[in-house]
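Peer 1: I have a structure I would like to understand better, so I am pasting it below and will then ask my questions one at a time.
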Amino acid sequence: MKTAPTVSPNGTWILITTLVLVAQPTVGGAFCHAQANAISEGQDSQSEKNTNDTPWKARRDLVQKNSQRRSEFNYYESKVPPYTLPDPLLANDGTPISTVNAWNQSRREELITLFRNKVYGNRPEAEYSIAFEQVAEQKNIWNGLATGRSMMATVSIGDREFNFPFVLFVPNQSQAPVPAVIHINNRYFIPLEKAVSENDPFWPAKTLIERGYATASFHTSDVDPDRKDGYAEGIRAFFAAGKPPTPDAWRSLSAWGWAASRILDHLETQSAIDSEQVAVVGHSRGGKTSLWAACEDPRFAVAYSNNSGCGGAALSRRAYGETVGRITSSFPHWFCESFAEYAKRESDIPVDQHELMALIAPRAVYVASADEDLWADPKGEYTALVSAAPVFELLGTKSITETTMPPLNQPRIAGKTGYHIRSGGHGLGEVDWNWFLDFTDRLTR
């Protein structure tokens with residue numbers, strides 16, 4: 001069902017898995033940590049190599065290297081603290097959630113309210129208008145495959161305006177409306193001319209067009225500067241008329257997700273695009289944003305989180321690699337003030353990231369990790385996806401339930417969820433994109 005452009009800032013795809021050879025959580029239940037420690041310590045002592053047919057596990061040499069380089073952070077499974085995950089299907093008052101109506105009418109709102117108040121902040125309710133202007137256009141690029149456009153979004157409140165640019169590519173030769181991908185670019189703005197002349201692996205627009213997708217991309221800092229001191233220059237200060245943010249107000253991650261929704265507003269007006277089949281994609285902090293964007297905006301059919309780690313796909317309670325304390329002190333503009341209060345007491349957070357993915361169900365979620373990116377806790381990302389499975393199942397959608405992680409470089413897909421862990425480090429490239437598009441092809445063709 002299509003909707004008109006919203007006038008409120010509150011305006012996709014999942015993957016789930018868990019590793020059984022090391023410490024395992026339960027959802028809302030007990031957790032045998034001692035036995036798991038014995039197993040994982042044995043793994044840590046081995047000379048490890050990931051092969052083509054064995055479940056992924058962190059390589060011993062990388063664990064040791066990271067531990068020596070950042071000794072204040074944990075990279076050993078045996079040192080993951082005991083924890084119990086909150087049950088997404090248990091209401092705040094303890095009532096079990098056993099029907100679709102109970103989830104849709106009460107429990108989902110409870111969870112999203114907790115995430116707003118404790119993690120990402122609350123978006124403002126001020127009314128505004130938005131307009132889109134085409135600044136430049138290139139037709140028949142890539143041997144006639146697509147049309148590219150430089151766009152400017154203008155948000156207005158009264159006589160005040162805020163602008164941010166984005167770039168859009170639409171296939172020329174499709175017989176029917178095509179699915180689309182909105183890319184949240186946390187690295188740099190890629191202008192139209194560069195996107196046409198160079199297929200940047202971070203946003204390979206030509207590849208997406210060749211695969212049958214329209215695509216748009218914007219730079220996060222054009223919406224809300226990715227700096228501790230950037231508030232005054234961004235959309236959050238614009239909505240607040242320059243007043244300082246309240247403790248529970250939205251922060252940059254939510255603001256970037258809001259911008260992705262505004263681009264979706266524009267895509268809904270394009271007859272060449274199937275606006276009911278739009279994915280939101282991000283890497284690292286952009287991956288955190290893509291998940292939250294899909295929670296806040298149910299129009300997104302798919303969310304893709306790439307190497308998003310703490311505050312994204314990875315479980316906070318594992319305190320593996322980057323922690324709540326570290327991320328909120330280094331990037332205080334990403335999360336509302338309450339999240340920082342859970343530093344070194346992650347098990348007290350009333351939510352965890354498996355519930356973030358559950359909020360996207362029964363839409364689709366895809367999560368990707370990298371072998372050398374232990375800072376983002378690949379196992380914690382996979383475990384969160386698996387732990388969201390009860391909600392997908394309640395809502396009548398299949399999801400990944402296999403607890404052992406897949407082998408390296410072998411995507412795993414079940415129903416509306418997908419996951420891969422690839423060779424290499426923290427990054428987003430053509431391999432990731434193509435595996436993700438293989439997943440979305442199943443949903444949109």
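Peer 1: Using just the C-alpha positions of the range 109-204 as equal point scatterers, what log10 of I(q)/I(0) does the Debye formula give at each q in 0.10, 0.16, 0.24 1/Å?
Peer 2: So the normalised log intensities are -0.43, -0.89, -1.24.
Peer 1: Then there's this: Could you work out the percent of alpha carbon pairs in the chain separated by over 28 Å, rounded to a whole number?
Peer 2: For the chain, the fraction of Cα-Cα distances above 28 Å is 47 percent.
Peer 1: On to the next question. Please give the residues of the range 323-337, grouped as numeric ranges, whose backbone N is less than 19 Å from a label point set 7 Å along the Cα-to-Cβ vector of residue 240.
Peer 2: Output list for this probe position: 328-337.
Peer 1: Stretch residue 194-residue 157 to full length: gain in nm at 0.36 nm per residue minus the Cα-Cα span?
Peer 2: Once the chain is fully extended between residue 194 and residue 157, it gains 10.0 nm.
Peer 1: Here's something else I'd like to know. Please turn the phi angles of the range 75-89 into ³J(HN,Hα) values with the Karplus equation 6.51 cos²θ - 1.76 cosθ + 1.60 (θ = phi - 60°), one per residue in order, whole Hz, x for glycine and proline.
Peer 2: Each residue's phi maps through the Karplus curve to give 10, 9, 4, 5, 9, 5, x, x, 7, 10, 6, x, 7, x, 9 Hz.
Peer 1: Now a separate question. Which ordering of 137, 337, 381 is given by a fewest-first count of other beta-carbon atoms within 10 Å?
Peer 2: Lowest count first: 137, 337, 381.
Peer 1: Report relative contact order for the range 247-406 in percent, whole number only (criteria: Cα-Cα under 8 Å, sequence separation at least 6).
Peer 2: Here the relative contact order equals 23 percent.
Peer 1: Let me ask you something else. Show the residues, 5+ positions off or on another chain, whose built amide H is closer than 5 Å to the amide H of residue 398.
Peer 2: 416
Peer 1: Would you order 266, 420 from fewest to most other beta-carbon atoms within 10 Å of each residue's own beta-carbon?
Peer 2: Fewest-to-most ranking of 266, 420: 266, 420.
Peer 1: Summing Lys, Arg as +1 and Asp, Glu as -1, what charge do residues with Cβ under 12 Å from the Cβ of residue 347 carry, residue 347 excluded?
Peer 2: +1
Peer 1: Same structure again: If you rank 243, 416 by fewest surrounding Cβ atoms within 10 Å, what's the result?
Peer 2: In increasing order of surrounding Cβ atoms, one gets 243, 416.
Peer 1: Tell me, how many Å apart are the Cα centres for the range 247-312 and for the range 75-133?
Peer 2: 16 Å
Peer 1: Take the residue pairs 79/379; 288/379; 57/206; 65/379; 79/416; 194/416 and return only those whose Cα atoms are more than 24 Å apart.
Peer 2: Going by Cα-Cα distance, 57/206; 79/416; 194/416 fall outside the 24 Å limit.
Peer 1: Right, another one. Between residue 274 and residues 5 or more places away or on another chain, which pairs have amide H atoms under 5 Å apart, with H built 1.01 Å from N, and which residues are they?
Peer 2: It is 178, by chain and number.
We did not get these values from a lab; they are worked out from the coordinates using the rules stated. The model shown is predicted, which means the values in this text are computed figures rather than measured ones. No Cβ is skipped: glycine too gets one built from the backbone with ideal geometry, and neighbour counts run over all protein chains shown.
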